[in-house]
1. Contact list please: Cβ distance under 7 Å, first residue in region 39-59 and free of Cβ contacts under 8 Å to residues at least 40 places away in the same chain and more than 17 Å from Q81 (Cβ to Cβ), second residue charged (D, E, K, R) and assigned to a strand (DSSP E or B), pairs at least six apart or on different chains.
2. Among the residues of region 49-65, is any among the small types (G, A, S) and within 18 Å of G16 (Cα to Cα)?
3. Residues of region 47-58 being outside any loop (DSSP other than H, G, I, E, B) and either surrounded by fewer than 13 Cβ atoms within 10 Å (Cβ to Cβ) or in contact with a Ser or Thr (Cβ under 8 Å, 6 or more places away or on another chain) (or both), which ones?
4. Would you check which residues across region 85-108 are open to solvent by 60 Å² or more (accessible area, probe 1.4 Å) and outside any loop (DSSP other than H, G, I, E, B) and list them?
5. Of all residues in region 60-73, count the ones that are free of Cβ contacts under 8 Å to residues at least 40 places away in the same chain and open to solvent by 50 Å² or more (accessible area, probe 1.4 Å).
6. Can you tell me which residue is farthest from S30 (Cα to Cα) among those in region 59-84 that are assigned to a strand (DSSP E or B) and charged (D, E, K, R)?
7. Can you find, within region 12-41, the residue that is surrounded by the most Cβ atoms within 10 Å (Cβ to Cβ) among those that are hydroxyl-bearing (S, T, Y) and in a strand (DSSP E or B)?
8. When region 1-11 is examined, which residues are found to be part of a strand (DSSP E or B) and open to solvent by 20 Å² or more (accessible area, probe 1.4 Å)?
Amino acid sequence: QVQLVESGGGLVQPGGSLRLSCAASGMRSSIYHMGWYRQAPGKQRELVASIGSGGSTNYADSVKGRFTISRDNAKQTVDLQMNSLKPEDTAVYYCNTAPYLVGIPWGQGTQVTVSS
């Protein structure tokens, strides 16, 4: 059974940093392009960063230069280092394949709140 479990969220002040982690089980995540998505209240879920099986990365313009995605294929984890956080980064963050593949369930996500 495929399972994605996100962790590492929390409350942080503007300008602060957080590191999110996603653990995959029940799938060979190492062969997939993986990504971090976020969904803010009242908005659609959006892809903010992705990483290929070989390590190539892509970022949404809104996070470029501030977020860094990485993966450990042996551990089947995908991390997202978030620096210089802004209030507009507040959202629930999820990991999944990128692009999304139908049939891969979404995890519960991890809440990131950027506020003073």
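The values are calculated or read from the model by the stated rules, or taken from the named source; none is laboratory data. All values derive from a computational prediction rather than experimental measurement. Every residue, glycine as well, gets a Cβ built from its backbone with ideal geometry; the counts of neighbours run over all protein chains shown. For the accessible areas, the whole protein counts, side chains as well, though only heavy atoms, and no ligand, DNA or RNA atoms are used. Shrake-Rupley method; radii C 1.70, N 1.55, O 1.52, S 1.80 Å.
1. Close Cβ pairs (under 7 Å, with a partner that is charged (D, E, K, R) and assigned to a strand (DSSP E or B)) amount to E46/R38.
2. Taking region 49-65 first, the residues among the small types (G, A, S) are 49-50, 52-56, 60, 62, 65.
Retained after the next criterion (residues that are within 18 Å of G16 (Cα to Cα)): 62, 65.
So far as region 49-65 goes, yes, one or more of its residues are among the small types (G, A, S) and within 18 Å of G16 (Cα to Cα).
3. Within region 47-58, the subset outside any loop (DSSP other than H, G, I, E, B) is 47-51, 57-58.
Within region 47-58, V48, A49, S50, I51, T57, N58 meet the criteria.
4. P87, E88, listed by residue number.
5. Of the residues in that region, 6 qualify.
6. D79
7. Among residues in region 12-41 that are hydroxyl-bearing (S, T, Y) and in a strand (DSSP E or B), the one surrounded by the most Cβ atoms within 10 Å (Cβ to Cβ) is Y37.
8. Kept after step one, since they are part of a strand (DSSP E or B), are these residues of region 1-11: 3-7, 10-11.
Across region 1-11, the qualifying residues are Q3, V5, S7, G10, L11.
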